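Novice: Quick one: the structure is below, and I'll ask about it shortly.
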Amino acid sequence: MLIKSFRLRLAILYTIIISLMISAFAFSLYREYHSELYKTFDDNLIKDAKAELIAENKTSTIRQNAEMVRKYSNEFYRVINSEGKFIIASADNEKYRWPLNMDIMRITLKGTPNFETIKHKGENYRLLYYPVDSENILRIGESLYDTEQKILILNRLSKMFFPLIFLFSALISWLFAWKAVSPVIKIKSFAEQIRTGRVEKRIDMRPKGSEIDDLVKIFNEMLESIQNFIESQKRFTSDVSHEIRSPLTSLRGNIEVALRKKRHAEEYETVLQNSLSDILRLSKIVDNLLFLSRADNNTLELRMQRFDIPQLLKSITEQKRSRAIAHGLSIAEEYQEHLELLGDMDLLEQAFSNIVDNAIKYTPSGGKITIKAMNVDNNPTIVVSDTGVGISQEEIPNIFERFYRVDKSRSGKPRGTGLGLSITKWIINAHNGKIFVKSRAGAGSDFVIVFPQKKIKNS
Ligand code: ADP
């Protein structure tokens, strides 16, 4: 039969182990008591034999006083000569005429005492053959009745004791099993609550320094990440809907207003231009989301090639220069010669462009943007600095999150999708590079990108 309950299985196992241990202990105690009882019995017989010989003034007296009879409560003795004739007997009673074992007699006459256990007239006796001299032995016997009674009582007690041991073990085992399994049961009941969607709950258990503490910690950390994931998914979905809704609302509003009455060609042109910019923004959001979704699903493949970093940066700067000038900004460049990198040039162009675009976007007129590329400790390093609005220390860790903007007001003219830095970070990380930001609100920002010297993993 398969027992499903872990607690019950544990309790049964504990019961078996505890019962076996107590039984083994009780059994060895019993064995010890049993052999000690018989040993003491034999020792006493020897002591009696010695005392008897001293009392009878050794063999000569024994022989001379052949008729002497001494009687003890249930001890009887006889002196027997080497032919097996009784010289002295403690009681001339049929009951105590134990059969004589001539083999033991012969060994005893050689000088060593010997014991024999016999059943005589329904009663067990322990007989001692004790050498008196080379011709005579003293035989003392004593009924084993009292000793057997003690063993019998012990046996009866054990029979009563064993079921009690079993019950006691079962009780202790159940308690142990309950205590051992109760944290797991608590975790299970939490897991059941979580299954119903309550991921905000945490297992609240007093730490006891056991492995269960680690399990609870891991479980709570897992819940934390699940909760964070769910929240970020919710935030993401709501951000996506919001980001898409804004240009759609503006598009719809513009078209509805334009259609209300007949308008001049210039007015239609303005509406179309506004609509185009909304459509471009929509398609940029969709493109960026598509990129991130492919990045999340690991379906983006890097097309690795060796290229010159300054050359790529120069071409990006040239594309952006007119826009920077239009914003009233100047761009300075400082490149170390022959700085090569193995990577996906198109993706890296996208990443560097995002950073330069941001520098232009977030630097007020009159500011300066500096783009540098050099080897630092043999690591190709790119730094894009601006003298713009800067980012406060608290905001820096957030700017790489999807849809995160330092300026949260989505009203007014939209400045970006809020996805650029998430994409940039993904691309840099895919090249085993790192991106850092040094910035202070109002004091401009430095975006630093460091690539590893060698080996770029194609992930
Ligand atoms: P966005 O499309 O809004 O620019 P990004 O992901 O590129 O989205 O940037 C996230 C946010 O980080 C921006 O909204 C802006 O608040 C901040 N940020 C990025 N670059 C700079 C910069 N050079 N100076 C100041 N703030 C910046």
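The values are calculated or read from the model by the stated rules, or taken from the named source; none is laboratory data. Keep in mind the model is a prediction, meaning the values are calculated, not measured. Counting neighbours? That spans all protein chains shown, and the Cβs are built from the backbone with ideal geometry, glycine included.
Novice: In segment 316-339, which residue that is within 16 Å of V383 (Cα to Cα) and part of a helix (DSSP H, G or I) is nearest to the chain's Cα centre (by Cα)?
Specialist: I316
Novice: Ok, one more. One residue is enough: does segment 286-298 have a residue meeting the conditions more than 13 Å from the ligand (Cβ to nearest atom), surrounded by fewer than 17 Cβ atoms within 10 Å (Cβ to Cβ) and either modelled with pLDDT of 95 or more or in a loop (DSSP other than H, G, I, E, B) (or both)?
Specialist: yes
Novice: Separate question: Just to be sure, is E395 within 27 Å of H242 (Cα to Cα), in contact with a helix residue (DSSP H, G or I) (Cβ under 8 Å, 6 or more places away or on another chain) and within 15 Å of the ligand (Cβ to nearest atom)?
Specialist: no
Novice: Considering only segment 340-359, I want to know if a residue exists there that is under 22 Å from K438 (Cβ atoms), surrounded by fewer than 20 Cβ atoms within 10 Å (Cβ to Cβ) and more than 45 Å from the chain's Cα centre (by Cα).
Specialist: Yes - at least one qualifying residue is present in segment 340-359.
Novice: So, in segment 299-322, of the ones that are surrounded by fewer than 14 Cβ atoms within 10 Å (Cβ to Cβ) and among the charged types (D, E, K, R), which residue ends up farthest from S238 (Cα to Cα)?
Specialist: R306
Novice: So which residues in segment 360-372 are within 22 Å of S422 (Cα to Cα) and either touching a His at 6+ places or on another chain (Cβ under 8 Å) or buried (at least 22 other Cβ atoms within 10 Å of the Cβ) (or both)?
Specialist: Correct list: I360, T363, I369, I371.
Novice: Now, a different point. Within segment 409-448, restricting attention to residues that are at pLDDT below 85 and more than 9 Å from the ligand (Cβ to nearest atom), which residue is surrounded by the fewest Cβ atoms within 10 Å (Cβ to Cβ)?
Specialist: K413
Novice: Would you say F162 is surrounded by 14 or more Cβ atoms within 10 Å (Cβ to Cβ) and either among the polar types (S, T, N, Q) or at pLDDT below 85 (or both)?
Specialist: Spelling it out, F162 is indeed surrounded by 14 or more Cβ atoms within 10 Å (Cβ to Cβ) and either among the polar types (S, T, N, Q) or at pLDDT below 85 (or both).
Novice: Yes or no: F451 closer than 26 Å to S315 by Cβ, touching a Pro at 6+ places or on another chain (Cβ under 6 Å) and at pLDDT 95 or above?
Specialist: Yes; evaluated as a whole, the condition is true for this residue.
Novice: Next question. Exactly one condition in (1) small (G, A, S); (2) more than 8 Å from the ligand (Cβ to nearest atom); (3) surrounded by 14 or more Cβ atoms within 10 Å (Cβ to Cβ); (4) under 44 Å from the mean Cα position of the chain (by Cα) is not met by S385; state its number.
Specialist: It is condition (4) that S385 fails.
Novice: Taking the criterion of being in contact with a Leu (Cβ under 8 Å, 6 or more places away or on another chain) and not hydrophobic (A, V, I, L, M, F, W, C), would at least one residue in segment 222-245 satisfy it?
Specialist: no
Novice: Another question about this same structure. Given the condition in a loop (DSSP other than H, G, I, E, B) and under 20 Å from R402 (Cβ atoms), answer yes or no: does some residue in segment 266-284 qualify?
Specialist: There is no residue in segment 266-284 that is in a loop (DSSP other than H, G, I, E, B) and under 20 Å from R402 (Cβ atoms).
Novice: Which residue, of M222, M205, is within 19 Å of the chain's Cα centre (by Cα), over 30 Å from I22 (Cβ atoms), in a helix (DSSP H, G or I) and of a type in the set (A, V, I, L, M, F, W, C)?
Specialist: M222
Novice: Does segment 351-364 include one or more residues that are under 30 Å from I279 (Cα atoms), assigned to a helix (DSSP H, G or I), out of contact with any Cys (no Cβ under 7 Å at 6 or more places or on another chain) and more than 13 Å from the ligand (Cβ to nearest atom)?
Specialist: No, segment 351-364 contains no residue that is under 30 Å from I279 (Cα atoms), assigned to a helix (DSSP H, G or I), out of contact with any Cys (no Cβ under 7 Å at 6 or more places or on another chain) and more than 13 Å from the ligand (Cβ to nearest atom).
Novice: Can you name the residue in segment 201-213 that is surrounded by 11 or more Cβ atoms within 10 Å (Cβ to Cβ) and out of contact with any Asp or Glu (no Cβ under 9 Å at 6 or more places or on another chain) and, of all such residues, is modelled with the highest pLDDT?
Specialist: By that ranking, first place goes to D213.
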